[in-house]
Amino acid sequence: MIDTIKADISVVITDSQRIIIWVNEQFSKMTGYSLEEVRGKKPALLQGKNTERPAVARIKEALNKKVHFHDRITNYRKNGEEYTCALTIHPIFDLDGSLSNFVAFEVDNNFVNPDKEPLMRLSQAQKKTYLTDTEELTMYFKLLDLFRAKKLYLDANLSQQKVADLMETNVKYLSLVINNQTEKNFKYFVNQFRVQAFENLLSSKAMPNYTLFSIGEQCGFKNKSTFYSVILTHTGKTPKEIAATYY
């Protein structure tokens, strides 16, 4: 998903309580901290004795107001070295309008001019999707929330138009957002949820007397040949080979 963002931009995703849940590889290169070391902690772990208090106050105020903003702050790498960090933080809201995440784009101002990086600017030219990066990420997070909460993939007749209508967008935007964030198409995106549901049902052993395709039907697969083809494509194994690991 977000790994396709420009290589010298660090990305940090937190939950609504500002606890880190994901960082990209550039964050680790920039700070020296791995994902495992920062997951479950707050970004404030990067601050130190020379971190500007006014900047910290401005950041906290913007986070509390749940608004997007720019700022610069002195942070510290894992080895104790100071660096100036230019950051842009955006709140992400779920389908109910509740805050779900914060996404921060950061660059090391010692080496990169943040004013030349499109993701660091709140006002930017539209891309080929005619969506800003923030709008695109927001739509993608909403899409994930929708699939997880509503389990749309269980509908064997699910169409791109139906999902677009639920997202209150159009098919073009939906298709391009999925392609940009996953490098896959709509069908592949949907099928990955169905494959996971199939594996979950097998592991739960909740349907021991059902055929493999009957279990697949419970996960949204409509056609037997498609079911076998999709499972093999996504896992490299046949349904029978997967089932053998659980029974």
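Per-structure values
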{"read-out": "Members of region 66-83 that are open to solvent by 90 Å² or more (accessible area, probe 1.4 Å), at pLDDT below 95 and at negative phi", "value": "His68, Arg72"}
{"read-out": "Matching residues, region 37-64, being open to solvent by 30 Å² or more (accessible area, probe 1.4 Å), farther than 16 Å from Thr14 by Cβ and not hydrophobic (A, V, I, L, M, F, W, C)", "value": "Lys49, Asn50, Glu52, Arg53, Pro54, Arg58, Glu61"}
{"read-out": "Top-ranked residue in region 149-162 [being of a type in the set (Lys, Arg) and either closer than 18 Å to Ala197 by Cβ or surrounded by 16 or more Cβ atoms within 10 Å (Cβ to Cβ) (or both); ranked as modelled with the lowest pLDDT]", "value": "Lys150"}
{"read-out": "Residue within region 94-114 that is assigned to a loop (DSSP other than H, G, I, E, B), at pLDDT 95 or above and touching a helix residue (DSSP H, G or I) at 6+ places or on another chain (Cβ under 9 Å) present", "value": "no"}
{"read-out": "Filter pass, Asp15 being of a type in the set (Asp, Glu) and modelled with pLDDT under 90", "value": "no"}
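The values are calculated or read from the model by the stated rules, or taken from the named source; none is laboratory data. Since this is a predicted model, take the numbers as computed values, not measurements. Counting neighbours? That spans all protein chains shown, and the Cβs are built from the backbone with ideal geometry, glycine included. To get the accessible areas, we keep the full protein, side chains included, count just its heavy atoms, and leave off ligands, DNA and RNA. Shrake-Rupley method; radii C 1.70, N 1.55, O 1.52, S 1.80 Å.
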